[in-house]
1. Quick one: net charge around B:Pro118, please, counting Lys, Arg +1 and Asp, Glu -1 for every other residue with C-beta under 15 Å from its C-beta.
2. Per residue of region A:376-391, in order, report the coupling 6.51 cos²θ - 1.76 cosθ + 1.60 (Karplus, θ = phi - 60°) as ³J(HN,Hα) in whole Hz, putting x for Gly and Pro.
3. Once you average over the residues of C:69-75, how many Cβ atoms of partner chains fall within 10 Å of each Cβ?
4. Determine the relative contact order of chain A: mean sequence separation of Cα pairs under 8 Å and six or more apart, normalised by residue count, in whole percent.
5. C:Lys16: which aspartates and glutamates have alpha carbons under 17 Å from its alpha carbon, excluding same-chain residues fewer than 8 sequence positions away?
6. Calculate how many DSSP beta bridges within region A:307-423 are antiparallel, expressed in % of all such bridges and rounded to the nearest 5.
7. Going by a ≥ b ≥ c, the root eigenvalues of the Cα gyration tensor, does chain A fall in the rounded group (a/c under 1.5), the prolate group (a/b larger than b/c) or the oblate group?
8. Averaged over its residues, how many other protein chain Cβ atoms are within 10 Å of peptide C:8-16's Cβ atoms?
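Every number here is computed from the coordinates shown, using simple stated rules; none is lab data. Since we're looking at a predicted model, the values are computed, not measured. Neighbour counts are summed over all protein chains in view; Cβ atoms, including those assigned to glycine, are modelled from backbone coordinates with ideal geometry.
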Amino acid sequence: MRESYQPVLSALLNKKCFSLFITFLLICSYVQATIITVCQNCEVSTVTQAVQMAQPYDTIKVQAGEYETVSLEIKKPLTLLGEPGANLNGAEKNYILKLLADSITVSGFSILNSGRSYTKDYAAVYVYKASHVKIINNKISKAFFAILVEKSKNAVISGNNVLGTAKKESQSGNGIHLWHCDSMKIDKNEVTGMRDGIYLEFVDNSLVKNNYTHHNVRYGLHFMFSNHDEYTDNKFEQNGAGVAVMFSKWIVMKRNHFYKNWGTASYGLLLKEIYDGEVYENRFEENTIGIYIDGSTRMTYSRNTLRQNGWGVKVSGGCYTNVFKENNFISNSFDLSYNSQLNDNTFNNNFWSEYTGYDLDKDDKGDVPYRPVKLFSYIVNQTPETIILLRSLFVDIINFSEKVSPVFTPDKLVDESPSIRSF
Amino acid sequence: MIAVKNLRKSFGKLTVLEDLTLDLNQGGIYAILGPNGSGKTTFLKVLLGMVLPDKGTIHIDQADISKSNDYRKNLGYLPQIARFPDNITVSELIDMIIDIRQVPAKPEPLVDLFGLNPFLDKKLGNLSGGTRQKVNIVLTFMFDTSVLILDEPTAGLDPVSLIKLKELIADARKQGKIILITSHIMNLVEELADQIIFLLEGEIYFQGSLTELKEKTKEKDLEHAIASLLKS
Amino acid sequence: MIKILKYSFSDLMRSKWSYIYLIFYLILGFVLLFLNNDVSKAIITLMNLIVVLTPLIGTIFGIMYYYNSREFTELLLAQPVSRSKIFFGQYLGIALSLSLSLVIGLGVPFLIYGIFQSTEIFNFSMLLVSGAFLTFIFVALSVLIGLYNSNKIKGFGYAILMWLFLAVIYDGVLLIAMVMFRDYPLDNLALAASFFNPIDLSRIMILLKLDISALLGYTGALFQKFFGTGAGLVTSLFILLLWIVIPVGMMLKKSKSKDF
């Protein structure tokens with residue numbers, strides 16, 4: 001194929017034709033760089049070979065077949081397209097793909113069997129210092145880490161399906177792991193059976209949307225030291241815990257669904273040392289703890305629905321000037337639990353399904369303030385085994401007497417205008 | 001037909017029946033008398049199997065009553081107080097008792113005799129005490145039993161019904177049945193009883209006919225005879 | 001025995017108290033469902049009521065029926081039927097008629113509301129099952145108390161006291177004990193203690209459905225094992241069954257040796 005360039009090159013001497021030639025060359029190279037096809041009986045029969053011979057901006061199309069791919073380094077902008085049935089098998093040795101240049105696209109592959117190590121973070125797809133990388137619609141299984149991105153910008157990770165078999169935290173890696181990144185977009189991925197479904201550390205200005213992470217050993221989604229990020233419309237189901245947001249600022253959490261994250265000290269959402277975030281329109285259903293707040297300040301929680309959780313919201317540690325408004329607390333074993341008698345947070349106009357007051361002036365706000373913290377939740381904090389007495393008549397009686405004259409629970413913690421209707 | 005041997009019963013420290021032995025071989029009316037606490041009721045209840053004796057045996061028609069409760073098929077019992085479930089009707093009650101006993105019964109003539117027809121579909125809870133006592137009598141006499149136990153049978157009865165009851169008792173006697181009666185009404189006893197069994201402190205203090213009792217105590221009527229029995 | 005059961009059942013089914021009980025549950029069911037419009041919340045409220053109320057009603061009905069039918073029982077005793085048949089038949093009559101009132105009274109509103117289309121159907125049947133269990137248990141216990149106490153006033157007092165103890169005092173003592181000894185491992189104690197109180201046991205059985213999220217938040221391995229698996233439900237049902245069998249057995253034994 002390369003021989004065909006020769007007449008063109010000889011024409012280079014013709015200065016008249018120079019500008020025409022340049023134009024032609026550009027078009028030529030663009031057209032010529034389109035596709036390298038890889039199949040098991042083709043001239044190019046391994047992906048490694050194709051990547052070696054490809055020019056920047058070439059497209060490599062991989063047909064169905066098993067391709068052993070061990071630590072394949074891609075250092076030029078390429079598009080790798082897998083056709084259905086194109087398997088990149090890492091033979092459990094090392095990394096599988098290493099994307100080390102900008103504008104690389106990896107799409108449509110089934111990528112499996114990365115190496116496993118206690119010292120190296122072997123990943124099915126590893127991205128380092130690259131921008132505008134796209135990892136789209138791949139199926140990644142039996143990987144230590146599925147997608148590991150470091151020091152990169154503007155990548156899109158979309159539509160991937162990550163399937164792991166993790167049993168213990170220490171023996172497994174994360175599904176989608178980002179470290180020191182900026183302006184990333186992670187959407188429509190499904191991650192299951194990994195340590196963390198999605199892990200973000202030092203990742204700013206990024207969007208996590210429409211993902212579904214379930215049955216991961218640790219967290220569905222995990223933020224550390226990340227600022228100005230947003231996650232919306234995700235579903236987190238039956239993970240060790242749903243989402244942990246730690247040491248981060250300006251995080252927006254919207255319309256997510258936290259479902260059945262069960263277990264000892266498990267929760268839908270953990271907030272640890274969080275400032276200035278927003279939590280709204282999320283649904284927390286049947287989690288052991290809906291929202292566990294261990295130090296959060298200047299946060300707004302609004303229009304969330306907390307239904308049938310063990311604890312709707314559990315507050316411990318210093319939490320200052322948070323606002324809870326227009327949330328629905330429905331049929332939780334405990335709506336709210338505090339471990340101290342101090343309260344610096346505002347609860348206003350929430351819907352509490354246990355509220356028994358009345359609304360004579362018909363403004364949809366109960367005329368009697370509501371005290372969401374019960375004495376029994378205080379007792380259970382002190383002596384967890386007493387949970388076995390939940391909903392006993394005796395407990396109702398002591399809850400009632402505490403309601404009448406608070407001794408153990410924060411007496412200023414009151415919703416002055418509880419809503420009569422749910423939002 | 002009733003053979004009681006060495007019967008003994010005490011409630012806690014209180015001995016109610018002490019070594020009671022009694023044989024009733026002939027049909028007839030036996031009045032069981034005695035002061036309060038003498039053991040009359042306990043004795044009847046032991047016969048009925050409601051109270052279990054500490055010692056001793058009872059045979060009714062040769063059957064040991066502690067072995068099986070079948071002997072009660074041959075036993076009619078008229079309790080002192082007529083209390084029935086409030087919400088079932090008279091005819092349901094009669095059917096029920098027949099159903100439980102599984103022996104032939106003729107309630108209709110008795111129902112006619114006591115004029116109970118209008119009440120057959122009424123709930124027992126709505127009946128007066130006297131009417132309930134009549135129902136009670138029907139339940140007792142509708143079976144052909146060889147032994148009848150009547151505990152204060154006249155309580156709450158109007159004079160007309162009382163006469164009819166006496167007729168029933170007389171009929172039963174003619175058929176050669178054993179009829180045991182307790183009563184506080186001495187006239188009734190005098191009128192009916194063939195034999196008097198007088199209990200005192202759990203023992204049979206006197207057993208014999210009315211005439212024998214009068215002769216023994218040299219009194220003219222039963223009330224005084226009994227009073228003098230108690231004094232001596 | 002079937003005959004005795006038949007008559008005492010039909011007697012009770014026609015008593016006004018059965019109707020009052022039935023109507024009470026009908027009203028309760030309708031009010032909770034149609035004013036709230038939230039099945040799961042209605043079920044939680046019902047659960048709170050049922051674990052306290054069915055034992056109370058069972059106790060009062062059981063002891064009342066026992067004393068009220070004493071003379072009739074004597075009449076039955078003079079019939080050729082064994083004592084165990086009489087008492088077992090009467091016991092079943094009371095327990096069945098009360099359970100029927102409960103099931104119909106709550107079942108009708110929920111049926112009209114469309115419980116079969118709801119995901120709460122399992123929780124609801126759980127509620128009815130434990131309500132029925134509690135009825136059978138407390139009727140047996142109160143009849144037993146009746147058999148041991150000829151004095152009506154005394155028997156009634158003991159029966160109410162038993163209810164109060166199992167419904168309230170027991171939990172209070174347990175709670176205080178657990179708080180006092182919280183430095184010791186308590187999960188064995190807590191679990192065992194709940195086996196000795198049928199009200200606690202049925203409460204926990206319902207908790208297993210309604211509050212599993214909270215129960216799993218507790219760290220004790222025993223709790224996890226008990227609550228996290230079907231074993232919890234099966235064990236609870238089995239022990240509730242024992243709670244019926246043992247008092248009924250004692251009842252029959254006592255009835256055989258009692259003087260009336």
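1. Values: positive: B:Lys122, B:Lys123, B:Arg132, B:Lys134; negative: B:Glu108, B:Asp112, B:Asp121.
Residues close to B:Pro118 contribute a combined charge of +1.
2. 5, 5, 5, 5, 5, 4, 6, 10, x, 4, 5, 3, 5, 9, 3, 6
3. Values: counts 4, 2, 6, 8, 2, 8, 12.
Average neighbour count from other chains, rounded to a whole number: 6.
4. Relative contact order, chain A: 6 percent.
5. Hits, sequence-local ones excluded: B:Asp86.
6. Working: 2 of 15 bridges.
Around 15 percent of the beta bridges assigned by DSSP in region A:307-423 are antiparallel ones.
7. On the way: a/c = 3.56, a/b = 2.50, b/c = 1.42.
Because a/c hits 1.5 or more and a/b exceeds b/c, chain A counts as prolate.
8. Details: counts 2, 0, 5, 11, 3, 1, 7, 4, 3.
The shielding value for this peptide is 4.
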